[in-house]
Structures are given as C-alpha cells and as structure tokens.
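Since the structure comes first, as structure tokens, the remarks are kept for the end.
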Amino acid sequence: KVENSGNSYGFYQSSMNEDVAVRVEMERHLRSALQNNELYLHYQPIFGSDDRRLLGAEVLVRWRSEELGFVGPDNFIPLAEQTGLIVEIGHWILKTACTQGRKWLDEGLKDFYLAVNISPRQLRHQDFIYLLKSVLDETGFPAQALVLELTEGLLVKKDSGTAQVLDDLKALGVMLSMDDFGTGYSSLAYLKMFPFDVIKIDRSFVRDLAVDASDQQLIVAAIEMAKALGLKVVAEGVETAQQLHFLRDAGCYSVQGYYLSKPIDPMLFSERIVEKELA
Ligand code: C2E
Ligand code: CA
Ligand code: CA
Ligand code: CA
C-alpha cells in the first residue's frame, strides 16, 4: 500500500485508490452474487390514494453479500450498469418477479400489477425484448400487468433506437412509467416524445410537501398535466398521513411509501398484503 505523504494531495491520492479498490472488490463479489443466491427481491405495495385498495407493487432488488454484508441498490446497481452485469441481474429480477406475480394472480389477486425498474443498459441490450417476451411466456405473467419503470437517464441519448424499443414494448402490451419524474431537465419533452403510460413523482417532491409551497405547486401541476395527457400518476415516498391526504386531494391516483408499507419480502407481502386484499 502506498504511504501517505502527509500533504493533502497525497491523502487525496490514497483515498482515491481506496475507492477504486473498494469498487474492484465489490465488482468481484457482485459477479458471483447471482450464483451464490445472494440477491433477493422485496415488494413494496402501491395503493389507491382514496380507498387504499391494492393496485400493484414495485419490485426492489436486495443484495446480502457473504463478504461485504448488506449492500444497497443505490450502491451496486450503478456498478452493475457500468460493468454490464445488469443484463444478467436484470433478467433474473424480471424472471423472479414475474414468477412471484403469477403466484399472486393465481391466489386470486385481480387487477394487480408489478412495477420493475429497468436500467438504461439493460433496456438498450439488443436481446431485451426477446428476453422479456420469453420471461412472460415462461412464467405466464400477463404483459398487461407489467409496468417498466424507466429513468430519464435512458432517454438523454436521443437515438432512434430507444424510441423503437419503447414502441416495441408497447406493442408487447407492457406499460411504461417515467420514474423520478421532476428530477430531470427534460421530463416534459420526453413525455411528448415517448409512449409513457404513468409518471412516478419523485420522493424528493413528496418529502417537503408540508413545508414547501413550490413542491406543492409542482405536484399539483404535474397531476394536472398528467391528466391532460391521459397518464396515470403514482407518488412515491409517502411517509405521513398529511402527505397522503394532500396527494389524494390533489387527484393523485396512487401512492407508495413507508406510511403505507415498507418494501417487504414476498412471504410477508403474502401475509400482510395479499391475504388482507383477498379476505
Ligand atoms: P427508485 O426506483 O426511485 O425506488 C424507490 C426507492 O425509495 C426504494 O429505495 C424504496 O425502498 C425507497 N422508498 C420507498 N418508500 C419510501 C419512503 O416512504 N421513504 C423513503 N425515504 N424511501 C422510500 P431502494 O430499494 O433502496 O432503491 C434505490 C434505487 O435503486 C431505486 O430507486 C432504483 O433506482 C434502484 N433499484 C432498486 N431496485 C432495482 C432493480 O430491481 N433494478 C434496477 N435497475 N434498479 C433498482
Ligand atoms: Ca422505481
Ligand atoms: Ca424515485
Ligand atoms: Ca431513483
């Protein structure tokens, strides 16, 4: 290991090297995470804002590494994206989620959808549509009950390829949701350009609703615009009754957040959410 020279430049250098070392280490472990069964999925229910009926669930991946302990998706998804591992991991997520979703439909859930996050590199992979089709075929999960959550990052590259893929996905019957709505520069332009069905208002706007009038106005405007365009609206990060009531009164159709339920494992989801819905 390089000795720290004591000046700030030397310190900077050595901490940069450590960052690289941590990354390399993480990448090494991430490569074997799938084979070692270290990845698993949590499901966070999405409810109607007025009657609190179950509408769907967002699928969120988790990694408990043998060597590194628990690593959050905000840390390893970007790495999976950079290394291309996201293609394999993303396919596993889709297959696992659709298998679980099929079980819940078979247990009697009606009008229930799964929302799966798709990384840019995963979506741009040439086999994505083919792989998605085979997952739907193999699991029997209906395309109409699948929502793909996409971030603006994907759309920045203004290639015609993206537009084609999104059209093909629509033709398959899946729904498209613009995730983290309001955080990017060009959300509005992209809504016009691409065939989205849903916007998901980012939780940064929901967080300060009680104290920030401009966040309130932004949410009201986003909901009105969505209605004008015939889009559904989901608000994420709802942590208080007050936030829920504001969103409901503003006409936001569906809500998701710790106030209603944290993301939970499929067994808990069956016990707490599915059984209650079927009772
Ligand atoms: P996201 O898509 O914006 O997901 C919402 C995040 O908000 C999740 O964090 C969720 O646990 C968290 N959350 C939900 N309700 C609340 C709340 O009331 N309060 C607060 N403070 N947070 C709430 P998580 O699971 O850590 O995921 C972080 C990000 O990692 C996701 O952001 C998404 O970008 C990415 N991610 C997670 N799972 C997947 C996946 O399966 N595939 C891909 N490509 N990305 C994923
Ligand atoms: Ca999401
Ligand atoms: Ca978000
Ligand atoms: Ca996000």
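The values are calculated or read from the model by the stated rules, or taken from the named source; none is laboratory data. In this text the structure is predicted, and so the values were computed from the model without any measurement. Virtual Cβ from ideal backbone geometry, glycine too; neighbours counted across all protein chains shown. For the accessible areas, the whole protein counts, side chains as well, though only heavy atoms, and no ligand, DNA or RNA atoms are used. Shrake-Rupley method; radii C 1.70, N 1.55, O 1.52, S 1.80 Å.
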request  = Please tell me if Q256 is closer than 15 Å to Q44 by Cβ and either surrounded by fewer than 19 Cβ atoms within 10 Å (Cβ to Cβ) or of a type in the set (S, T, N, Q) (or both).
outcome  = yes
ask   = In the list I219, I201, I223, which residue meets the criterion of being touching a Cys at 6+ places or on another chain (Cβ under 9 Å) and within 16 Å of ligand 2 (Cβ to nearest atom)?
value = I201
query = Tell me, which helices (runs of 4 or more DSSP H) lie completely within the range 171-240 with 2 or more residues that are open to solvent by less than 20 Å² (accessible area, probe 1.4 Å) and modelled with pLDDT of 90 or more?
reply = 213-229
ask   = Quick one: L148 ticks every box in (1) touching a strand residue (DSSP E or B) at 6+ places or on another chain (Cβ under 6 Å); (2) assigned to a loop (DSSP other than H, G, I, E, B) bar one, so which box is it?
value = (2)
message = Just checking, does the range 242-258 include any residue being under 19 Å from S177 (Cβ atoms), in a helix (DSSP H, G or I) and either touching a strand residue (DSSP E or B) at 6+ places or on another chain (Cβ under 9 Å) or not aliphatic (A, V, I, L, M) (or both)?
response = yes
ask   = For the range 81-94, does any single residue satisfy the condition of being under 24 Å from E271 (Cβ atoms) and either open to solvent by 60 Å² or more (accessible area, probe 1.4 Å) or of a type outside the set (D, E) (or both)?
value = yes
ask   = Does T162 meet the test of being within 16 Å of ligand 4 (Cβ to nearest atom), among the hydroxyl-bearing types (S, T, Y), free of Cβ contacts under 8 Å to residues at least 40 places away in the same chain and under 23 Å from G90 (Cα atoms)?
value = no
